[in-house]
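The values are calculated or read from the model by the stated rules, or taken from the named source; none is laboratory data. Just so we're clear, the structure is a prediction, and the values are computed from it rather than from any experiment. Cβ: placed from backbone, ideal geometry, glycine included. Neighbour counts: every protein chain shown. The protein model used for the area step is the full one, side chains on, heavy atoms only, and it has no ligands, DNA or RNA in it. Shrake-Rupley method; radii C 1.70, N 1.55, O 1.52, S 1.80 Å.
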Amino acid sequence: MEVTPLTWHLIVTAKDERAAQRVLHRVCATVGDTVGDRVIGRSRKVPGQFSIVFTTALEATTPAGAVFQALTDAQRLGAGWMVAGPNTHGDGRWSFEMICAVNANGRFLVPGLTWAHVEITPAGQPDVTAASGP
């Protein structure tokens, strides 16, 4: 398995982009990893919320190891994750994703975090499970 990133999509409650960046910093400190590519934008649906999409590195070399690392990293942020996968696709691709939301019995340890989606789609595969957010 090639090195693949763990892709995170977060919805945070914050009064401005700087406050949203502070939530992102707390998330990364909690997970214990540095952020790769990132995009922060104001939510079009809910005033006072921001969408943050970023990647962190997966150190695992096998699919099972990648799933275990994703579960471990996500559990550091909170409890109540709903797991979808691992999913196999007819052409040999696979994916794994998890979602946690405060309005669905999720509990986050990082203040300001209200919704999170974590996804693994191994390198060299198209993104088959793109999150649209709440």
query = Looking at segment 82-98, is at least one residue over 14 Å from THR121 (Cα atoms) and in contact (Cβ under 8 Å) with a residue 24 or more places away in the chain?
reply = no
key: Qualifying residue in segment 47-58 (condition: open to solvent by less than 80 Å² (accessible area, probe 1.4 Å), farther than 20 Å from ALA29 by Cα and either assigned to a helix (DSSP H, G or I) or modelled with pLDDT of 85 or more (or both))   = yes
Total residues in segment 85-100, condition over 13 Å from the mean Cα position of the chain (by Cα) and not charged (D, E, K, R) = 9
ask   = Somewhere in segment 2-19, is a residue under 15 Å from HIS117 (Cα atoms), part of a helix (DSSP H, G or I) and either open to solvent by less than 70 Å² (accessible area, probe 1.4 Å) or not aliphatic (A, V, I, L, M) (or both)?
value = no
When residues of segment 73-132 are limited to those that are buried (at least 18 other Cβ atoms within 10 Å of the Cβ) and more than 27 Å from THR13 (Cα to Cα), the one modelled with the highest pLDDT = SER95
